[in-house]
Amino acid sequence: MANLHPKSGDPKVTYEYRRKKNAEEMRMQVITFTMMIFFTVIAFVAVGAGFSKWFIIPFVLLLAVVQVIFQLYYFMHMSHKGHEAPQLFMYSGVIVAFITILAFLTIIWL
């Protein structure tokens, strides 16, 4: 069992390797899901506590961005190999959207 290489010719070693990897991935998904529930509870508590809207809006948006990242990387498997092209297009879209929003905001404010 010292050699847990997935390309091994031994079917038992391959099975054990895949089983270990699947268990590790499931553990990460459960941890991420728990953290997302915790972030949601924190957002509700922050809004319910009556803080200023100047604190609440950026704070909730920050928690939302963190949850989107968790969704992409752990539940939609963007951290796996072979997802480089979709990542490139998604990040390019985020950059274009950010620049567009920034441009519209500066046009309105000037």
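Summary of values
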{"read-out": "Scan of the stretch 28-49 for residues that are within 29 Å of residue 79 (Cα to Cα) and among the small types (Gly, Ala, Ser), ordered by number", "value": "43"}
{"read-out": "Scope the stretch 1-33; condition of a type in the set (S, T, N, Q) and either more than 22 Å from the chain's Cα centre (by Cα) or at pLDDT 95 or above (or both); matching residues", "value": "3, 8, 14"}
{"read-out": "Subset of the stretch 44-70 [within 8 Å of the chain's Cα centre (by Cα) and in contact (Cβ under 8 Å) with a residue 12 or more places away in the chain]", "value": "66, 67, 70"}
{"read-out": "Check on residue 91, of a type outside the set (Asp, Glu), touching an Asp or Glu at 6+ places or on another chain (Cβ under 9 Å) and either in a helix (DSSP H, G or I) or in contact (Cβ under 8 Å) with a residue 12 or more places away in the chain (or both)", "value": "no"}
{"read-out": "Given (1) surrounded by 13 or more Cβ atoms within 10 Å (Cβ to Cβ); (2) under 27 Å from residue 94 (Cα atoms), index of the condition residue 46 fails", "value": "(2)"}
{"read-out": "Boolean, residue 72 is at pLDDT 90 or above and assigned by TED's automatic domain parsing to the domain that holds residue 39", "value": "no"}
{"read-out": "Residue match in the stretch 76-85 (condition: assigned to a helix (DSSP H, G or I) and more than 14 Å from the chain's Cα centre (by Cα))", "value": "yes"}
{"read-out": "Test: residue in the stretch 56-66 that is surrounded by 11 or more Cβ atoms within 10 Å (Cβ to Cβ), in contact with a Leu (Cβ under 9 Å, 6 or more places away or on another chain) and small (Gly, Ala, Ser)", "value": "no"}
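The values are calculated or read from the model by the stated rules, or taken from the named source; none is laboratory data. Keep in mind that what you see is a predicted model, and the values were worked out from it rather than measured. No Cβ is skipped: glycine too gets one built from the backbone with ideal geometry, and neighbour counts run over all protein chains shown.
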